[in-house]
Amino acid sequence: MNPATPKAEPLRSARLRMAVCGVSPKSPLKNVVAGVCDPGILNEKPASQRPATVFQRTAKSLSQNRARRGGPSAADGARHHFAPKTPQNEPVPDGSGIGSKFVGWLIPCLLLVLTSQVTSQTFAAQTDEFLGRWALTTAGGGAGWLEVRDDAGYLDGTLLWVGGSPEPLTRVYFDGDTLGAIRIRTDQIKDATGKVTRTQVHPLTLTASLSGDRLRGVLAEPAGDGRSVTRQEFTGERVPPLPPRPELSKVRFGEPHELFNGKNLDGWVVLGGPHWGKLDLQRPDRGNLEGWLATNSNAASGWSVENGILINNPTQRAGQPYVSYGNLHTVRKFEDFNLAVEVNVGPNGNSGIYLRGIYEVQVADSFGKPVDSHHLGAVYGRITPTASAEKPPGKWQTLDITLVDRHVTVKLNGQTIIENQPLMGCTGGAVWSDESRPGPIYLQGDHTDVRFRKIVLRPVVK
């Protein structure tokens, strides 16, 4: 080698190592590959000054053992096969022939690349098992929903926990084979007059692992004063893939069923409410009643019928303990259908119509407001209407809702505001999270006063 260019030999050697390992000289791994294959390369030292690799030290030890036994050394074999073609054919000093270098760096280079690939593939396979949408069920029977996504190599997610709307997770990560997620919100603490006296961060943490095809996990959140933590166990089943968008022009509907007779509460059941003893009706578990029942067995009933109108009036009295009112749902269960109903909400009124007990179509006073996924006709927290078609509060309004193959169409006051859109999961307040099950129609009764009439359902004929 020319003494005037002492770096040429190690640089050539490094490039050869990277070429064999399949690493570009411009790659961020170039120094790692070159250094693992031959640690001296990182410092660009001549071969005589570089520390020997573990493979070179092993080869040297074997050569010395063979020499003591009178046999040829490994270096002799390397010189025999890889000696440069010089006139004298003198052996090249140990370490400068390509054969000995090949032994010294090829195997660790290959091991580095293969180990990296296997590790990344194994981790990717583990994380991929969590990707997708999950139907959650809490230990107390509440319904939830979780989605884990890979966005250009970064993990994102969305969580719906029993009530409210699906909300993005602040952070999604893995700790070994355990999924972790954090959602942080800001709470405002108010006094009796409604004045905000304190603002504080409220973290929610979720951890989950796979047990076969089922997700098992725990959701934890601190109490308002931070002196305790509430933990809730849950399980998750993978949500089945969405069916193709249906061709509604080809869907056939059966005969209409009047779900509300417009006369009285005959055929209706209120469990746990103050009217139970007056109804003198058979409980649902003692017979198949064609009617409605309250979802909360400990709730009071604000429901009544007057002049052909189904009325909910969940009255709260000043200075008295808060009263929890029940939601009504049909005992009868349905799959796909068209549902027509007339609703009347007062100023700031709030209720909802649940399709199959899973998807809530919002009923609220949102007249004059911009479109939002929490306004009249929206699928609560999931699908925003394309237009505002509300009437002022106190006016009767019509909702025409079609549910087919987990796709929904909503017409409000004759105008299509949601057209054949996919339903990605349950909404807050769902009876359960299993989207494959038939379910009831249920009306939300725990918010404000609301009125319904002409509730007519036409089932899809399969």
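The values are calculated or read from the model by the stated rules, or taken from the named source; none is laboratory data. In this text the structure is predicted, and so the values were computed from the model without any measurement. Cβ sites come from the backbone with ideal geometry, for glycine too, and all protein chains shown count toward neighbours.
Tell me, yes or no, whether the range 340-351 has at least one residue that is surrounded by 20 or more Cβ atoms within 10 Å (Cβ to Cβ), within 22 Å of P246 (Cα to Cα) and in contact (Cβ under 8 Å) with a residue 12 or more places away in the chain. No: zero hits.
Taking R437, is it over 14 Å from L328 (Cβ atoms) and touching a residue at least 24 places away in the same chain (Cβ under 8 Å)? It is true that R437 is over 14 Å from L328 (Cβ atoms) and touching a residue at least 24 places away in the same chain (Cβ under 8 Å).
Every condition in (1) under 26 Å from P314 (Cα atoms); (2) out of contact with any strand residue (DSSP E or B) (no Cβ under 6 Å at 6 or more places or on another chain) is met by V450 except one, and the failing one is (2). Comparison of T186, T193, T158, T207 shows that the only residue that is assigned to a strand (DSSP E or B) and modelled with pLDDT under 95 is T186. Residue count for the range 132-153, restricted to those that are out of contact with any Ser or Thr (no Cβ under 9 Å at 6 or more places or on another chain), in a strand (DSSP E or B) and modelled with pLDDT under 95: 1. Name the residues in the range 333-372 that are under 18 Å from L443 (Cα atoms) and assigned to a loop (DSSP other than H, G, I, E, B), would you? Passing the criteria: K333, E335, D336, G346, N348, G349, R356, G357, I358, D365.
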